[in-house]
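Novice: Below are the structure tokens for one structure; questions will follow.
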Amino acid sequence: MLRTDLENPADFISRFIELDNNGRVWKDEVYRQLIEEFGIKNWKMEELLSVYETCFCASCVPRLGADQAIQELAENYCLGLISNGKTPFQERNFRALGYSDVFDCVIVSEAVGLRKPDARIFHLGCSELGVSPEEAVFVGDSPAADIRGAREAGLKTIFVPTEMNPACEDADLTCEGLSALPAAISKLGEQGGAHQPATRPESNFTR
């Protein structure tokens, strides 16, 4: 195992998290840098990446309140999921969380050649759900990729704060906890936002 090649595994983990940049940097670059910095001799980048891609799904856990919110919303809305990420890596994570059968459409950026905040990926999600952008609500935790991207595509938006992104002025609503998400979407509906469908990214529900 890699641990036997490291003098201080905690430093390796800390540096991995730093280089990962909340999932924004793909792991080939991360592992290439780590191998150089930590002088790892017995593992190649491709080997570490293969282990990561295969085993990461076993460590996926839902964010607090995610399961409750998803199940409640699925009773009343069509649900879509849009993720900036690799395929089939992201799909395996969604299956591990039990979300594959709950969402009516799942779009992974690499599979469709589009990434948030490109308006076309939001419009694709709406099209697969059979709804106009004006009828959809997008929930996200990235002010730029999720909220501004969705708003520019014509969707209503709900922002879920994180430690990295604690605030967003561009969202129609801010939802402090995922358990309050169904009520927030209902509120937008009363204001002329969501009808039946809602599109959302995985970032709201996994970590």
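Novice: So between residue 46 and residue 68, what do we pick up on full extension, going 0.36 nm a residue minus the alpha carbon distance?
Specialist: 4.2 nm
Novice: While we're here: Taking the Cα centre as origin and putting +1 on Lys and Arg beta-carbons and -1 on Asp and Glu beta-carbons, what dipole magnitude results for region 2-59, to the nearest 20 debye?
Specialist: With only Lys, Arg, Asp and Glu charged at Cβ, the dipole is about 80 debye.
Novice: A follow-up question, please. Relative contact order for region 2-59: what is it in percent, counting Cα pairs under 8 Å that are at least 6 residues apart?
Specialist: The value is 30 percent.
Novice: Same structure, new question: If you put +1 on each Lys and Arg Cβ and -1 on each Asp and Glu Cβ, how big is the dipole of the chain around its Cα centre, in Debye rounded to 20?
Specialist: About 200 debye.
Novice: With the crude spin-label approximation of a point 7 Å out along Cα→Cβ, what separation in nm comes out for residue 169 versus residue 6?
Specialist: So the label points at residue 169 and residue 6 sit 4.0 nm apart.
Novice: Mind pulling up the Rg/Rh value for region 2-59? Radius of gyration and Kirkwood radius, both on Cα.
Specialist: Taking Rh as the inverse mean 1/r over Cα pairs, Rg/Rh reads 0.93.
Novice: Turning to a different aspect of this structure: Could you tell me what a quarter of the Cα convex hull surface of the chain works out to, in nm² with one decimal place?
Specialist: Orientation-averaged projected area of the Cα hull: 11.3 nm².
Novice: Put a dot 7 Å past each Cα toward the Cβ at residue 17 and residue 56; how far apart are the dots in nm?
Specialist: So the two model labels end up 1.7 nm from each other.
Novice: Among the lysines, select those whose C-alpha is under 21 Å from the C-alpha of residue 187, and discard any that sit fewer than 8 residues away in the same chain.
Specialist: Partners within reach: 156.
Novice: Given contacts defined as C-alpha pairs under 8 Å and at least six residues apart, what's the relative contact order of the chain, whole-number percent?
Specialist: So the answer I get is 21 percent.
Novice: Another question, then. In region 66-204, if the dipole is taken from +1 on Lys/Arg beta carbons and -1 on Asp/Glu beta carbons about the Cα centre, which of 139, 112, 182 is farthest to the positive end?
Specialist: Comparing the listed Cα positions along the dipole, 112 ranks first.
No lab work stands behind these numbers, since they all come straight from the coordinates. Here the structure is a predicted model, which is why all the values come from computation and not from measurement. Here Cβ is always computed from backbone atoms with ideal geometry, including for glycine, and neighbour counts include all displayed protein chains.
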